[in-house]
Amino acid sequence: MTGSKHEPQVALVTGASSGIGAATATRLRAAGYTVHALARRADRLEALASNTGCVPHVLDVREHQQLVELAESIGPVDVLVNNAGLARMDARLADTPIEDLVTTVDTNVTAAMVAARAVLPAMIERKRGHIVNIGSMAGLYPVAAASYGASKGAVHLLSLNLRLELTGTGVRVTEINPGRVSTEFYDVAVTDPERRSTLKDSGVDEVTADEVADAIMYAVSVPRHVNINRIELQPTEQTYGGSQFDQVDWSDQ
Ligand code: NDP
């Protein structure tokens with residue numbers, strides 16, 4: 001655990017209304033944490049709260065000032081799980097509306113930095129705390145999802161650089177890098193039903209949100225002198241890398 005054995009632990013989980021965030025909030029509650037669960041969908045948060053005892057906070061992480069005020073109002077946080085995130089995959093970067101690019105970076109990157117900024121002073125002061133950033137395999141290896149990959153690449157460097165900045169403080173930083181996880185991610189990422197079902201149906205046995213939550217619980221549960229820097233997990237049937245060949249039709253030139 002982050003602190004001593006008998007002290008109550010406080011966690012703040014962003015994007016807790018579904019998928020990995022909801023599973024993580026549930027796991028943390030089961031482990032005895034007071035869990036502040038944050039997202040925009042009030043009905044989902046209420047259901048989570050009544051099932052698990054989480055404290056629900058209806059908030060858009062892009063509202064930076066509100067995010068800071070919330071973090072300050074709940075007092076010292078032991079574990080921040082920066083999980084709220086999305087992709088907009090309706091088109092390649094060349095055709096993506098500018099607004100979608102801004103939303104992606106604001107949600108995946110800026111909000112994670114703002115949340116960390118809000119909780120870190122108390123963590124440093126208390127010499128205890130843990131920032132868990134949900135990155136992605138798309139932040140480590142090339143994928144044909146340029147804006148999403150760029151945002152998760154930023155989360156990767158944020159995690160590495162924070163770890164360096166926080167050396168000697170007792171505050172831990174972990175990056176979780178999932179591959180394909182079975183969640184509502186593609187329901188948000190793709191609006192065209194046909195394209196969505198093509199992208200969503202990977203045809204492989206996907207990692208579950210609970211399995212990602214288990215990885216997070218491992219990282220936060222090891223003794224405080226151990227920092228789990230990074231965990232990559234993906235379906236056995238999925239991999240990364242490889243070179244691609246695709247011919248260009250230059251016959252009209
Ligand atoms: P889901 O779509 O199931 O969950 C995303 C969560 O983020 C929801 O709770 C959503 O809540 C929340 N969220 C999105 N935008 C905001 C916002 N502006 N303010 C507050 N909360 C927000 O997908 P996942 O569980 O899969 O995604 C969780 C994380 O895992 C993301 O960072 C994603 O990038 C990452 N990831 C997912 C992978 C996958 O294959 N599923 C693979 C690798 C990484 P609400 O809409 O209620 O606000």
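The values are calculated or read from the model by the stated rules, or taken from the named source; none is laboratory data. As the structure is a prediction and not an experimental result, all values here were calculated from the model. Note: ideal-geometry Cβ built from the backbone for every residue, glycine included; neighbour counts use all protein chains shown. Note: areas computed on protein heavy atoms with side chains; ligands, DNA, RNA excluded. Shrake-Rupley method; radii C 1.70, N 1.55, O 1.52, S 1.80 Å.
In order along segment 32-38, the Karplus-derived 3J(HN,Hα) couplings, from 6.51 cos²θ - 1.76 cosθ + 1.60 at θ = phi - 60°, round to x, 6, 7, 10, 9, 10, 10 Hz, and Gly and Pro are given as x. Name all residues of segment 134-160 having a backbone nitrogen under 15 Å from the label point set 7 Å from the Cα of Q247 along its Cα→Cβ direction, giving them as ranges. Those under the cut-off are none; the list is empty. Taken along its principal axes, the alpha carbon cloud of segment 111-253 reaches lengths of 65, 37, 28 Å, longest axis first.
With the convex hull drawn around the C-alpha atoms of segment 82-166, the volume per residue stands at 82 Å³. When the surface is traced with a 1.4 Å probe over the full set of protein chains, E46 keeps roughly 100 Å² accessible. In the chain, the longest principal axis of the Cα atoms and the axis of helix 209-221 are about 40 degrees apart. Element breakdown for the chain at a 1.4 angstrom probe: carbon and sulfur atoms account for 51% of the accessible area. Solvent-accessible surface of the chain, averaged per residue with a 1.4 angstrom probe and all protein chains in place: 52 square angstrom. Put simply, the amide H of E232, placed in the peptide plane, has neighbours under 5 Å in N177, leaving out anything fewer than 5 places away on its chain. Could you compute the net charge surrounding V55? Neighbours are other residues with a C-beta less than 13 Å from the C-beta of V55; K and R count +1, D and E count -1. Net charge in that neighbourhood comes out at 0.
At q = 0.23 Å⁻¹ the log10 of I(q)/I(0) for segment 123-169 amounts to -0.77, computed by Debye summation with a single uniform scatterer per C-alpha, solvent ignored. Taking amide H as placed 1.01 Å from N in the peptide plane, L12 has its amide H under 5 Å from the amide H of H36, V79, L80, V81, each at least 5 places away in sequence or on another chain. Rounded to whole numbers, the Karplus 3J(HN,Hα) couplings from phi for segment 239-253 are 9, 9, x, x, 9, 10, 10, 8, 6, 9, 8, 9, 5, 8, 9 Hz, using 6.51 cos²θ - 1.76 cosθ + 1.60 with θ = phi - 60°, and x at Gly and Pro.
The angle separating the long axis of helix 146-165 from the principal Cα axis of greatest extent in the chain is about 30 degrees. Sequence-ordered 3J(HN,Hα) estimates for segment 55-72 from the Karplus curve with 6.51, -1.76 and 1.60 and θ = phi - 60° stand at 9, x, 9, 7, 7, 8, 5, 6, 8, 4, 5, 5, 5, 5, 5, 4, 4, 5 Hz, glycine and proline given as x.
Which far-off residues, 5 or more places away or on another chain, put their amide H under 5 Å from the one on E184, with H placed in the peptide plane? Hits under the 5 Å cutoff: G19. Where only DSSP H runs of four or more residues are counted, the chain gives -12500 deg cm²/dmol as its mean residue ellipticity at 222 nm, each run worth -39500 (n - 2.57).
Computed about the Cα centre, the dipole magnitude for segment 113-253 is approximately 1160 debye when only Lys and Arg (+1) and Asp and Glu (-1) carry charge, each at its Cβ.
Just so you know, the Cα atoms of the chain work out to an Rg and Dmax of 18.6, 73 Å. Counting only DSSP beta bridges whose two residues both lie in segment 10-233, roughly 0 percent are antiparallel.
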